[in-house]
Structure formats: structure tokens, C-alpha cells
1. Among Asp219, Asp204, Asp101, whose mean-square fluctuation peaks in a Gaussian network model of the chain (Cα, cutoff 10 Å)?
2. Which of the listed residues, Asn289, Tyr52, Cys194, is farthest toward the dipole's positive end in the chain, when Lys, Arg count +1 and Asp, Glu count -1 at the beta-carbon?
3. Extending each Cα 7 Å along its Cβ direction at Asn356 and Glu102, get the distance between those two points in nm, one decimal.
4. If you stretched the chain out fully between Glu157 and Glu235, how much longer would it get, using 0.36 nm times the residue separation minus the C-alpha to C-alpha distance?
5. Just to be sure I understand the model, the point goes 7 Å from the Cα along the line to the Cβ. What's the resulting Tyr51 to Phe314 distance in nm?
6. Distance cut-off 25 Å, Cα to Cα: go down the list Lys209/Lys346; Lys207/Lys360; Lys284/Lys360; Lys85/Lys105; Lys306/Lys353; Lys150/Lys284 and report the pairs above it.
7. In debye to the nearest 20, how big a dipole does the chain give about its Cα centre with +1 on each Lys and Arg Cβ and -1 on each Asp and Glu Cβ?
8. Share of the range 148-283's accessible area from carbon and sulfur, percent, 1.4 Å?
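The values are calculated or read from the model by the stated rules, or taken from the named source; none is laboratory data. This structure is a prediction, so every number in the text was calculated from the model and none was measured. All Cβ positions, glycine included, derive from the backbone under ideal geometry; neighbour counts span all protein chains shown. Quick note on the areas: whole protein, heavy atoms, side chains included, nothing else; ligands and nucleic acids left out. Shrake-Rupley method; radii C 1.70, N 1.55, O 1.52, S 1.80 Å.
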Amino acid sequence: MALTKYSRRSFIKKSTLATAGTGLAFNSFSIPGILSGKQRRVGIALMGLGYYSTDLLAPALQETTTAYLAGIITGTPAKEEIWMKKYNIPRKNVYNYENFDEIMKNPEIEIVYVVLPNSMHMEYTIRAARAGKHVICEKPMALNAGECRKMIAACNESGVQLSIGYRMQFEPYTQEIMRLGQEKVFGNVLQISCGAAFRNTSVDHWKLKRSMGGGAMMDMGVYPLQAARYVTGEEPVNVSARSYVTRPGTYTFAEEVMLFDLEFPSGCIASLATGFHANFNYLKVFAENGSFELEPFSGYRGIKGKTSKGILEFPDINQQATQMDEVAECILSGEPMRVPGEEGLKDMIVVDKIYNCAVKAEG
Ligand code: NAD
């Protein structure tokens, strides 16, 4: 299933090129972002110019072929000039959080990419949708499942598409692991062990505050959760979890470590770990007739993997560029998103249960 979806990308690209080649739909002189004789490009505005936008998304947008960096939304005036100069962004495509809703009048920006603290995802996704913009919202989708439902409803009401920034689903090793699990290539999947954590040395950041969507579970924990869901292709029926703090002076307002177990309808059990306490990143899957694994499984580059039959070999792609190009292609073609809002919601339904369990365990 996953590979079929992956190959769909080249089909969409070809059909988009064919449409542009007719010269009927698009005028390369009047609409910015259109390259004469080539495929139409889709303008993205990055909202929130912190670590992920600065270090990963903006550089990736220099490698995209369908999406391009058309604008920015920032609350820090000093960043405006720097970004305008560095990425050749016109002043009319620069917004702040006060005048953001005026983006509605700007046809050059078709997608708003929300890269803000998690507690702000709902408000700005809904505002972007009401301004008539398609939205990519970073993971985790929001603070809880209730917020996710409101975001999906707002996008549906406005007739815009919503995609969540789960870059791994665009990555070929991950797609192969999904195929091996979901198609039961090694028989039924019996046990999944997966962890994503790093030693976080920050002492004062929103990611350390639960009220802002912080905590290891929200930041890194969604990767093992996603992995267990995309390997099985199922939703868990039982959840257990326990949170830990090893540095109490720093982790006063959010968990530092979360260990959680999921049980799936097929009987598969997933034993999952996340944290800000140690560096690890692995995915191991044990099935009836063999095993398969990735390590690292959720890094930006250099994913590596093997099965009980041999080494896996796929290209080492720019995940963010591939993700944003495919989202842009879906907008041009009207194809459904690979990672729609509903996918973010499914994770948050489980995350809500994990926090509920962990809080009970603490009490
Ligand atoms: P960051 O703290 O580096 O950046 C957040 C940005 O939001 C900053 O520019 C900050 O100025 C701005 N901001 C606006 N209002 C704010 C407020 N009230 N408080 C704090 N900041 C405010 O964070 P980041 O690491 O770039 O994360 C942003 C989003 O991207 C999060 O949802 C995170 O989970 C996600 N992310 C995803 C990946 C990935 O691989 N998909 C990687 C890193 C981060």
C-alpha cells in the first residue's frame, strides 16, 4: 500500500507537467510562482521562524521543484530583513501575527506551514484555513484530540487541505517498513520495540512546558507512536504508560521520559520509549517468520535498515523537500494528502490516553 502511494508521486508530477504544458490553465506572466513552459509552483509561507523553519524547512525549500518559499510570518521584526534578503522574499509577502489574516488577499501564498509551539497550532491552522489557505501543520498536530477535530472541521468548512508534518511517511526506508508490516511479508507482526530520544540540555524552553505542548511525549514520542501505528496499520486497543523525571529542577512542568506500551487488535504488542534524557533512535519489528528494523528510524538523513533476509538499500532523500513537494503536487492535482489531519488526530487520541495513564500512575 505504502509503495503504491510512493510511486503515485511521479504520476502526479507528470500529470501536472502535462496540464502546464497546455498553456490553458496558467499564465506564466501574471501569476507569480509559475515558470514559463514548466510546471506551476505552489507558494508556501513559513509561520514561526525558529529552529525547524530556519535549519530544515527553508533550506529544503531551496531543493523543492513544485513548492517554493513565497513568504514568512514572524513576530520578530529583526528576522524580516534577514529572511527577505537571504531568500529573496518580497516585502508584500511578509506578515506578523497581528496582520496575518490579511494573507487572505495574497494569491502568491497558497500554503501556510505552521511551525509554531504546539499550543499555537490550533489557533493558526484555523486562522489560515479561514483565510482560504491550505495548511501544513507541524507534529504533534495540537494539544489534544479535541483541538485536532476543530482544526479538521475548520479546513473542511473552508474547502482547504490539511497535512501534518510527519516527514517519515515520505521516506523510502519507512515506506518499505510500512509495507513489510502491513502486507505481513514476514507473517503477523508480534512485537515492536521502538524508541526516539535525545539528551536535551535546554533549561528554559517551551518544549519543557506542558501548557505549551511541551514534554518528551509530544516532541519525540510521536515518532515511536507513529511507527507502531504504521507498521501494524492498526489503532491500539489498550494503552499503558509511565512518565519519569531524572532532572527535577528542569522538568517541573513536563515529563522528561515516557515509557508506553500499546496492544493492537491483531495481538501485536509495542513497547515504546521516548525522552529528553538519553540519545537513542531505533525501530525493531519481530514477526512470525522473521524480523526487520531501522536504526536510526526517524533521523533527518541516514536512515539505515535490514531484515532477517538482508540489508535494505534505498536513496537517502531530503525528507522535508520531498514532503513539501508532494503536498504541493496534491494541491495542484486535487489528490488526497498522504498525511491528512485525520492522521494527526489518530496519534493525539492515543497521546491523550498515554497522558491519562501516566498521570494516574504518578497519582
Ligand atoms: P522553536 O522554539 O525553535 O521555534 C518556535 C518559533 O515560534 C520561534 O521562532 C518563536 O519565536 C515562535 N513563537 C511565536 N510565538 C511564540 C510563543 N508564544 N512562545 C514561543 N515561541 C513562539 O521550535 P521548533 O523546534 O522550531 O518547533 C516548532 C514546531 O516544529 C513544533 O511543533 C515542533 O514539534 C515541530 N518540529 C518538527 C520537527 C520535525 O522533524 N518534523 C522537528 C523540529 C520541530
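1. Result: Asp204 has the largest fluctuation of those listed.
2. Tyr52
3. According to this spin-label approximation, the distance is 4.5 nm.
4. Working: separation 78, 0.36 × 78 = 28.08 nm, distance 2.69 nm.
Gain on stretching Glu157 to Glu235: 25.4 nm.
5. For the pair Tyr51/Phe314, the computed spacing is 2.5 nm.
6. Working: Lys209/Lys346 23 Å; Lys207/Lys360 22 Å; Lys284/Lys360 29 Å; Lys85/Lys105 23 Å; Lys306/Lys353 32 Å; Lys150/Lys284 35 Å.
Over 25 Å apart, Cα to Cα: Lys284/Lys360; Lys306/Lys353; Lys150/Lys284.
7. On the way: 39 positive and 38 negative charges, 114 e Å.
For the chain, the charge dipole is close to 540 debye.
8. On the way: 2580 of 5040 Å².
Here it works out to 51 percent.
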